[in-house]
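Values quoted throughout were computed directly from the atomic coordinates according to the rules given, and no laboratory measurement underlies them. Given the structure is predicted, the values throughout are model-derived calculations rather than measurements. Here the Cβ is made from the backbone with ideal geometry for all residues, glycine too, and neighbour counts use every protein chain on show.
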Amino acid sequence: MEKKTIKIEEYLVEEEPYYLEVDKEKALFEAAYRNRIPVLLKGPTGCGKTRFMEYMSWRFKRPLITVSCHDDLTVSDLVGRYLVQGGETVWVDGPITRAVKVGGFCYLDEIVEARKDTTVVIHPLADHRRILPIEKRGEMLHAAPEFLLVISYNPGYQSVLKDLKQSTRQRFLALEFTYPGRELETEIIKHESEIDAPTAGRLVSFGDKTRNLVSAGLSEGASTRLLIHAAKLIHSGVDPKIACEVAISGTLTDDHEMIRALSEIIQSIF
């Protein structure tokens, strides 16, 4: 017994996501899509990679199927598996198979977190063949013309054990993402949290200072996402200092000395 027909409507982004362009990434993505070139999104946590994918999915009216990669992700998790349902054995497509069939955007988020033997399955999809082997069924699926494979990772967490193999990397066009400039980030925080411009500007100042502390022992600076979290708390009536401490400082580090240093920065700004 086969699984019922995939409904493309289930994966469409219906409303336009709020996204402000940083550096021509929309045009570059469109060029890659038109030429069927897989895309690699590189950038720090919370800088807008996922929101960008939601926006491009909406713009091209293509379904977006997202997979959050992790150490236990198997080939079957991506491609599909046989399951027993109601006394019958049923084949259930995995996310990458669904995307291949409906001509959607398959977004593998934080690809370096997946096992190396799992990521090999994407190689035939990411070159001129555009095929997906399904070994358990003895099938070879050809991707629909509209299909696009997109992967992302954070170079800041790059290591010998967690890095993209060259055999994977060289199949993709790379788009570099970073945090928006001061004015753009202020505008994003204002829109997402509805706080006033001066407060949003102060949060951006704090974010900049945390990013400057990366070389001084902080693993990573505050993402735009974290700044928005703090802004939402402030808009809800939480004191700005407390909002920054719980939404940003406490999230970034457990080191008491670093938290004390961040608290001093918060005091000086707010």
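Under a Cβ-only charge scheme (Lys and Arg +1, Asp and Glu -1), can you give me the dipole magnitude of the range 182-269 about the Cα centre, in debye to the nearest 20? Walk me through the numbers on the way to the answer.
Numbers: 9 positive and 14 negative charges, 15 e Å.
Roughly 80 debye, rounded to the nearest 20.
Would you mind calculating the gained length between Leu184 and Ile269 on full extension (0.36 nm times residue separation, minus the Cα-Cα distance), in nm to one decimal? Display every interim value, and only then the final one.
Details: separation 85, 0.36 × 85 = 30.60 nm, distance 1.95 nm.
Additional length available on full extension: 28.6 nm.
Computed extension gain for Ala27 through Thr251, at 0.36 nm per residue and net of the alpha carbon distance, reaches 77.2 nm. The longest part of the chain holding none of the exposed loop GluC sites (Glu not before Pro), meaning those outside H, G, I, E and B in DSSP with at most 13 other Cβ atoms within 10 Å, is 22-193.
Give the dimensionless ratio obtained when the Cα radius of gyration of the range 1-64 is divided by 2.2 N^0.38 Å.
Numbers: Rg = 13.9 Å, N = 64, 2.2 N^0.38 = 10.7 Å.
The range 1-64 yields a ratio of 1.30.
Let me know the number of lysine pairs in the range 17-110 closer than 15 Å at the Cα, not counting same-chain pairs under 8 apart. Pairs that pass both the separation and distance tests number 5. Our estimate of slack between Met140 and His235, defined as 0.36 nm per intervening residue step minus the Cα-Cα distance, is 28.9 nm. With both residues required to sit in the range 90-202, DSSP beta bridges show an antiparallel share near 50%. Against the chain, whose longest principal axis is taken from its Cα atoms, helix 25-34 shows a tilt of about 0°. Normalising the average separation of contacting C-alpha pairs (under 8 angstrom, six or more residues apart) by the number of residues puts the relative contact order of the chain at 19 percent. Using only Cα coordinates, the Kirkwood hydrodynamic radius of the chain works out to 20.4 Å.
With respect to the chain, whose longest principal axis is taken over its alpha-carbon atoms, helix 256-269 is tilted by about 60°. Free of any trypsin sites (Lys or Arg not before Pro) that DSSP assigns to a loop and that have at most 11 other C-beta atoms within 10 Å, the longest stretch within the chain is 62-270. Charges were assigned to the Cβ only: +1 to each Lys and Arg, -1 to each Asp and Glu. The resulting dipole of the chain about its Cα centre is roughly 960 debye.
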